[in-house]
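Heads up, the thing below is written out as structure tokens.
Please treat every number below as a calculation from the coordinates, not as lab data. Source: prediction; values computed, not measured. As a convention, Cβ positions derive from the backbone with ideal geometry for all residues, glycine included, and neighbour counts pool all protein chains shown.
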Amino acid sequence: MERVTVYNEDMSPAAGDSFHISLSRKRDRDAVSRPSCHSQYPRGTLQLVVRNDGEHSVGTMIKLFKVKEKQREIAANANGVPPVKKQTAGELRLQKDISELNLPKTCSISFPNGKDDLMNFEVTIHPDEGYYLGGTFLFSFQVSPVYPHEPPKVKCKTKVYHPNIDLEGNVCLNILREDWKPVLNINTIIYGLFHLFTQPNHEDPLNHDAAAVLRDNPKMFEFNVRRAMAGGYVGQTYFTRCM
């Protein structure tokens, strides 16, 4: 069994940095350097010195350093210091998008899980014109770590009578599907959602019944929207008040 001690650049032992590794073959033992106290090393280099206490099974230096990294993480947690989480490219891009948001007064964004979870947030839309004037509609956003190469997953959490939003909250918006491009951003999506309420479209529907009414009888469509927003039945479907 080889006992390995990690030294600082002044050759003083680093606190707690002693381990045992198994080096049973000569080439394994030779692979671990035994630096002289008079050697010069780049600033911050860790020196490894091996003392031979016997021979057992083969170990590797890679595993040794992984073990020490885990030990330091556990020690940091025990001292109340949380480990630093490396941000993904998606998180960095999302932070930029959020910092550059330029929303109208009819739209707002919130983070129900707190500032440490930017990848899941909610957007509230209050249309100030059109069929849905006076309503309040809540959307959830789930952003992938590979964003912006994939669009966020967006669902409407408010049950709404709408040709482009089905009763399960799925949203038919082209930029969330085939027309998504990495140059688009969160601001673009929110404006797209707002546009659905000011100009609902019967040509690419998710709620086919609502789309048919909008196409054939706009006055009846308006009546159904107001009834649903006030809370009540439209056909066999009950809608909770959202105005």
Problem set entry | Filtered residues of segment 164-207 (kept if touching a Cys at 6+ places or on another chain (Cβ under 8 Å), over 17 Å from Pro104 (Cα atoms) and surrounded by 20 or more Cβ atoms within 10 Å (Cβ to Cβ)) | Asn164, Ile165, Val171, Pro205
Exercise. Out of segment 138-155, which residues are β-branched (Val, Ile, Thr) and part of a loop (DSSP other than H, G, I, E, B)?
Worked result: Val143, Val146
For this session: Could you tell me whether segment 156-178 includes any residue that is among the hydrophobic types (A, V, I, L, M, F, W, C) and part of a helix (DSSP H, G or I)?
Result: yes
Exercise. Restricting attention to segment 118-158, and to residues there that are crowded, with 18+ Cβ neighbours inside 10 Å and more than 24 Å from the chain's Cα centre (by Cα), which single residue is nearest to Phe223 (Cα to Cα)?
Worked result: Tyr131
